[in-house]
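See structure below.
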Amino acid sequence: MAGRGGRRAARDPGAPSRFRLPPSRLRWRCPLKAIPADPPSGPENTVGQDRALEALRLGLDVRAPGYNIFVSGISGTGRTTTVLHMVKELAPSCPVPRDRAYVHNFAAPERPRLLTLHAGRASELRRDLEELGALLRRILPASLEDREFHRRRDEILRRAAAEEKRLLEEFRAPLAAAGFALLEISGEGVKRLEIHPLVDGEPVPPDRWRDLAAEGRIPREAFEAGEAKLLELRRELAQVLRRDREIARDMNREVGAVLQEAVRGALAGAFEDLRARWTEASVRSHLAAVEADVLEHIVPLAREAAGGEDEGEGRLRLYGVHVLVDRRGLRGCPVVHETAPTVAGLFGNVERRPVGPGVFVADHTTIRAGSLLEADGGFIVLSAEDVFADPEVARHFRRVLKHRRLEIRSVDGSQGAPGPGLAPEAIDLDVKVILVGDWRAYELLYRASHEFAETFRVKADFEPDMDVSLRNLRHFLRVAGRIARKAGALPVSREGYAAIAEEGVRSSGRQGKITARFSDVGEVLREADYWARREGAKEIGGPHVLRAVDRMAERSRLTERRIQDLIDREILLIETSGSRVGRVNGLSVYDLGYYAFGKPTVITASTGVGLAGIINVEREARLSGGIYDKGVLIIAGWLRRTFAQNRPLSLTASVCFEQSYAGVDGDSASVAEVAALVSELSGVPVDQGVAVTGSLNQHGYVQPIGGVNEKIEGFFEVCGRRGLTGTQGVVIPRANAGDLMLSPAVVEACAAGRFSVWAVARVEEALTLLLGSDPGRQRADGTWPAESLFGRVDARLRDYAARLGGSEDWRPVDGTRSAGGRAPGEPPAGPFEEAPG
């Protein structure tokens, strides 16, 4: 067995070449023959989204309740563009929806009436009633100036005045004999009649009369009799005044009747014409209410018309038709894209208009339609994030979709909440709602309420990428051409299109896929155009695209550069040459959200005699996530399966991410941790010029991981800055070979033999590359060849067991053993646990 100095076992000279990937597999190359000399511009951004398009067609064609559509996927995949394109194509073949208008409700003014009319008819009704108002403004003042009207009105007024005078005289006559007088009191522009007692023949106010009685100047018996009489007279006066008001009302009715006679002919003809033009029951009902109100209020209307009040004020305003939605001239159904949904903007509002200093009123003419009503009978496209970001909008939105009815209410501008005001009649809606959001938003909404699934029965998933087929590739390039033309960019050469396609494949994360995020494609094209123009080029070439990609990444590389600086200054201790026992270069990905990069991380192992099992240092320091902890447990399972079939394991080992002071998660370091443990146990050193990444299962198979390109390029940069030796490289899972889209610099170095990428399927293959030693084949009795790598490990484990004195006082458990410091009652996490006693 190798000593602690790191003596190597027999090396397999053919291992590196056997697992090395050829340069052709390190990066997908776009075949130039698949690219036309000038790819025609595509009509839209929908490429490789067949499943989503099929779902959209279903949702758009089915008009049954609940068949609203949720379009999910990541931004930049053309979701909104595709939806708008499809609904705009469909809209002209849909029936034109009806107009919506509100009119005054004469029976219940706080509940304006809704009129639903055929397209264009609402504006015609508004015009007809505007003409009626103009007719009233014309004939009513003229009727007031008519000589016959004046004669008959004056006669009615004289008769009414005589009757009022007779009533008052009959009431006033006996007052003096009773010791009282009837006075007309004026104050603040109002005249009123009051009864005053007489004292020494002069009327005094009742309060002064009571004061005189209190002073003894009026005998008590006389005062008490006078108080009773005063109360009786006041009751009689109230009856007189009530009769006086009846006379005034009768007078007004008679004057109104006279005025009605004067205008009846003109009004009757006008309303008869309206009834002939409008056969709809709702309109006829409203016309009848308007006619009755005109006749009932003919006198004040005449005064209003004669007074020259603004057309927007007074009672005549009540006869107008307020059109909320006018479909006049519309071809097909409406398509609304609401980009800023608010309570008022989406559902409508009842505004208030000023009628005086600090005085505001609302009526049917101040009702405002929202985008939902504008989209009635058609389609509305909304962002799920925008709708559900505002709790008030979300609450109203759920209610409207559930009941398919819209109630427009007043909205307080400062709070965005419904306030008091008019309550217009509810509107039955028939609108197809299309929400655009991501997968997480759909899951959250689906889990939050069962009503969501009932109102959004169709889900259209937009893929972030698509298969790299010839058809999809050509469609991809057509869309790229359209984006370039729309941006006013220079023509794109065939090499430029090839570079764009290759960057699209890299963005997807796998050679067999190409990105469908055309917003990112457009960003690359615009910046490539910038670099091409800066060089004075006449077209965008491949180098311009590569430069654009590199400079876009460079703007986000601050963190990466700082970490690399720490490595260069040997503050972060990374070795890229020589060999070390129990020390492996693992690979980590730093994902900042907007940018991801890879760098090597030193993983070390330490073993010794004991029964603690594998101590997860990261977990003990509370720096590990659940997936990382699971990976350590899997390593323990692999050790048991490989070395503990015929005897117990006696081992205390620790695994650590060196110089890691932040959280660690993921299981992509499992193979590296096994290599560190095997190296430590066998004494065979690990080649520090080789880094490794890969997940492990309990049976020793190497499983794929994420960020493989970033990890390889990160280690390549570290090695390159120190000088490539030709023996350096990265070991990756074989399943990740199809994900490789390495930078041209890495591919060129591999082609020149200065760097390598090896792909393995089993941990034994990775150990052969890292430690330069064949693990060996296990014999039938469970032992390993003495000079093999696993033979050395087995010998070390036997040595540990012997030093424990062959103790059988143990029992196997799943997991790893904590070094100590567990909370009381926490179960052990190691592969071994000491038996009680």
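The values are calculated or read from the model by the stated rules, or taken from the named source; none is laboratory data. Only a predicted model underlies this, so the values are computations on that prediction, with no experimental measurement involved. Neighbour counts are summed over all protein chains in view; Cβ atoms, including those assigned to glycine, are modelled from backbone coordinates with ideal geometry. Surface accessibility is based on the protein's heavy atoms, side chains included, excluding ligands, DNA and RNA. Shrake-Rupley method; radii C 1.70, N 1.55, O 1.52, S 1.80 Å.
Things to note:
- Fraction of antiparallel bridges per DSSP, the range 641-763 only, in percent to nearest 5: 25 percent
- Model label sites at Ala752 and Arg315, defined 7 Å from Cα along the beta-carbon direction, differ in position by 9.8 nm.
- Couplings for the range 288-305, taken from phi via the Karplus curve 6.51 cos²θ - 1.76 cosθ + 1.60 with θ = phi - 60°, read 5, 5, 5, 4, 5, 5, 4, 5, 5, 10, 5, 5, x, 5, 5, 5, 4, 5 Hz in order; Gly and Pro are left as x.
- Shape metrics for the range 94-223, restricted to C-alpha atoms - Rg then Dmax, Å: 29.6, 94
- Backbone N atoms of the range 421-451 closer than 13 Å to the 7 Å Cα→Cβ label point of Arg395 are not found in any residue.
- Annotation: cysteines of the chain without a disulfide-compatible partner (Cβ-Cβ under 4.7 angstrom) are Cys30, Cys656, Cys719, Cys750.
- A straight Cα-to-Cα reach below 20 Å connects Lys538 with the aspartates and glutamates Asp38, Glu495, Glu523, Glu527, Asp529, residues fewer than 8 places away in its own chain not being considered.
- Separation of alpha-carbon centers, the range 721-785 and the range 520-578, rounded to whole Å: 27 Å
- At a probe radius of 1.4 angstrom, the accessible area of the range 487-574 per residue rounds to 49 square angstrom.
- Whole-Å distance, taken between Cα centres, linking the range 283-342 and the range 351-395: 19 Å
- Across the accessible surface of the chain, with the other protein chains kept in place and a 1.4 Å probe, carbon and sulfur atoms take up 50 percent.
- Built amide H within the under 5 Å cut-off of Val702, gap 5+: Arg762, Val763
- If you plug the beta carbon distance of Lys459 and Ala621 into 1/(1 + (r/R0)^6) with R0 = 51 Å, you get a FRET efficiency near 0.75.
- Among beta bridges that DSSP assigns inside the chain, antiparallel share in %, nearest 5: 65 percent
- Between Ser588 and Lys599, Thr601, the built amide H atoms are under 5 Å apart, and every one of these is 5 or more places off in sequence or on another chain.
- Difference of contour (0.36 nm per residue) and Cα-Cα distance, Lys630 to Asn697: 23.1 nm
- Spin-label model distance (nm) - Tyr594 vs Asp250, 7 Å beyond Cα toward Cβ: 8.7 nm
- Note on Arg147 and Arg722: the model spin-label points, each 7 Å out from Cα along the C-beta direction, lie 12.1 nm apart.
- Sorted on the mean count of surrounding Cβ atoms within 10 Å across their residues, most packed first, peptides 106-119, 432-445 read 432-445, 106-119.
- Mean Cβ neighbour count within 10 Å, used as a protection proxy, ranking 596-604, 384-392 highest first: 596-604, 384-392
- Database remark: amide H of Arg557 closer than 5 angstrom to no amide H (H placed geometrically; neighbours at sequence offset of 5 or more, or on other chains; Pro and chain starts carry no H).
- Pairs from Lys630/Lys711; Lys432/Lys459; Lys599/Lys711; Lys165/Lys191; Lys88/Lys432 whose Cα-Cα separation, in the structure shown, is over 18 Å: Lys630/Lys711
- 3J(HN,Hα) along the range 376-388, derived from phi through the Karplus expression 6.51 cos²θ - 1.76 cosθ + 1.60 where θ = phi - 60°, amounts to 4, x, x, 10, 10, 10, 9, 8, 4, 4, 5, 5, 8 Hz, with x in place of Gly and Pro.
- With the convex hull of the Cα atoms taken as the outline of the range 481-562, the averaged projected area works out to 5.8 nm².
- Normalising the average separation of contacting C-alpha pairs (under 8 angstrom, six or more residues apart) by the number of residues puts the relative contact order of the range 131-238 at 13 percent.
- For the chain, the relative contact order is 18 percent, taking Cα pairs closer than 8 Å that sit 6 or more residues apart in sequence and dividing their mean separation by the residue count.
- Shape call, the range 191-316: gyration tensor on alpha carbons, a/c limit 1.5: prolate
- Over the C-alpha trace of the range 649-751, radius of gyration and Dmax come out as 15.0, 49 angstrom.
- The chain: calculated mean residue ellipticity at 222 nm from DSSP helix runs of at least 4, using -39500 (n - 2.57): -14000 deg cm²/dmol
- Rounded to the nearest 20, the Cβ-based charge dipole of the chain about its Cα centre (Lys and Arg +1, Asp and Glu -1) stands at 3280 debye.
- Residue-wise HN-Hα coupling along the range 73-83, computed from phi with Karplus coefficients 6.51, -1.76, 1.60 (Hz; x: Gly, Pro): x, 7, 5, x, 8, x, 4, 5, 4, 5, 4
- Over all projection directions, the Cα-based convex hull of the chain averages an area of 63.3 nm².
- Stretchable slack from Leu444 to Glu202, in nm (0.36 nm times residue separation minus alpha-carbon distance): 78.3 nm
- With a 1.4 Å probe rolled over the protein heavy atoms of all chains, the accessible area of Ile627, Ile732 falls in the order Ile627, Ile732, largest first.
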